[in-house]
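Reading through the structure tokens given below for one structure.
What follows is calculated from the coordinates using simple rules that are stated; it is not laboratory data. Note that the structure is a prediction, hence the values are computed from the model and not measured. Every residue, glycine as well, gets a Cβ built from its backbone with ideal geometry; the counts of neighbours run over all protein chains shown.
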Amino acid sequence: MEVPIQPSTAPKTKLVELQATRIADPIDRLRYLRSKATPAVPSRFAKYAKHKPLLQKGLVAVALAVIMVGVITTQRPVKARTLSRSATPIATAPTILTPSNPGKIWLVDTRDTGQELYSNTLRIETRFAIPLGEEPKWKYYRFGAGAKSPVEMKDPVGIVFHTTESMMAPFEEEKNKRLKLLGESAIIFVRSKRAYHYLVDRFGRVWRITQESEPAFHAGASIWADKDSTYINLNHSFLGVSFEAAQSHEDGEPLITDAQKLSARLLTDMLRSKYHISEKNCVTHGQVSVNNDNFGVGYHTDFGGEFPFAEVGLPDNYRIPLPSIHLFGFQYDESYVNAMGPPMDASLAKAAEMLALQAKTLGVTPAILTRKLRDQYRQITQSLKKENKNEVSN
């Protein structure tokens, strides 16, 4: 509410206002005006006249506060706010993906069009799936410490990621007809070989090839291990997921498409949820493949250092020491190092270190330990060969 000024003081007020304009400091200006002009109290507030000094002080305090805010916000130069170490700045860098916990994922619907829908939006095309046949159900052996005591198992414990190494065309709209033709050809070929459980084409469509309850011949001679067990020849113990892709792609061009990466995450999450698969048992063919003839790692080098673990919701499993080296004395050469690239450097160095430490603990040279480990591996593969000849094929 505006408080009226008494008419008799109007000329004086103009002089006071003129004088006030010459005072630069706003606070001093307020004090000058306050000392020269006393507002009249309306008659309807006469009963509060005795409190006028108190009211005046209150008005002055409020006015001072308002002017101080104005001074601070209009006259002070704005300074960049300095964040303390405990403050959290607004993120501008891309979010770093961390290993996912897929939680519970379930089959929502099986459509008549040959498609399965899952609760995480995953869609699986089933039109080309091989019907359940006479192939043995899941049956494989895991080995405990020292890989001497096999235990029969019946559910998959891991995933091996592959590339089809099939013919490629530029992933461009103008090549759409050829892209579809090449994708269908890849499906027909891998189906005829019973090569994988799943194939992810370049459009990100997920095709079931072999039923999950039956083995696919995707891993051949192969080795992997987790903290509890060792797995040899992974056709039965690991699911095979392949991507329509080729290792020999143009420099700077991604090995797989963004659509494939997205579908790979959805599929991996579903399989991990369904079979309680450890994130560290999701690895590439280049990590598990071995050559039984010369005890060399990397008979196949699918996804040589280029699998997008983070984008698929997994840790950087390239850093895991290769079990084939420190458990069975396999070796690597320059061609493997070049094929897998820098991501595998830490893995190879750590595996060699573990082998040397084991030899030191046993009081033997690394060469002697290597021979003993290889003899042990030969015995195991010979026993597995009697179970299934496909298990030891490269």
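Anything over 23 Å Cα to Cα? Flag those among K350/K372; K154/K385; K104/K261; K227/K274; K261/K350, in the order listed. Present the calculation step by step, with values, prior to reporting the outcome.
On the way: K350/K372 20 Å; K154/K385 18 Å; K104/K261 21 Å; K227/K274 21 Å; K261/K350 29 Å.
From K350/K372; K154/K385; K104/K261; K227/K274; K261/K350, over 23 Å: K261/K350.
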With x for Gly and Pro, the residue-by-residue ³J(HN,Hα) of segment 193-201, computed from phi through the Karplus equation 6.51 cos²θ - 1.76 cosθ + 1.60 at θ = phi - 60° and given in whole Hz, is 9, 6, 7, 9, 7, 9, 10, 10, 7
Spelling it out for S166: with amide H atoms placed in the peptide plane at 1.01 Å from N, the residues 5 or more places away or on another chain with amide H under 5 Å from its amide H are A245
For a quick protection proxy, order the peptides 253-265, 168-180 by their average other-Cβ count within 10 Å, most packed first.
253-265, 168-180
Computed over segment 107-392, Cα set: Rg, Dmax in Å:
19.1, 65
Length added when fully stretched, S185-N101, from 0.36 nm per residue minus Cα-Cα
26.8 nm
Below 8 Å, C-alpha to C-alpha, sequence gap of six or more: please give me the relative contact order for segment 181-304 in percent.
23 percent
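With a ≥ b ≥ c taken as the square roots of the eigenvalues of the C-alpha gyration tensor of segment 148-234, please select rounded if a/c is under 1.5 and otherwise prolate if a/b is larger than b/c or oblate if it is not? Please report the intermediate quantities before stating the final value.
Working: a/c = 3.07, a/b = 2.59, b/c = 1.19.
It is prolate, given that a/c is not under 1.5 and a/b is the larger ratio.
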What is the fewest-to-most order of D112, D316 by other Cβ atoms lying within 10 Å of their Cβ?
D112, D316
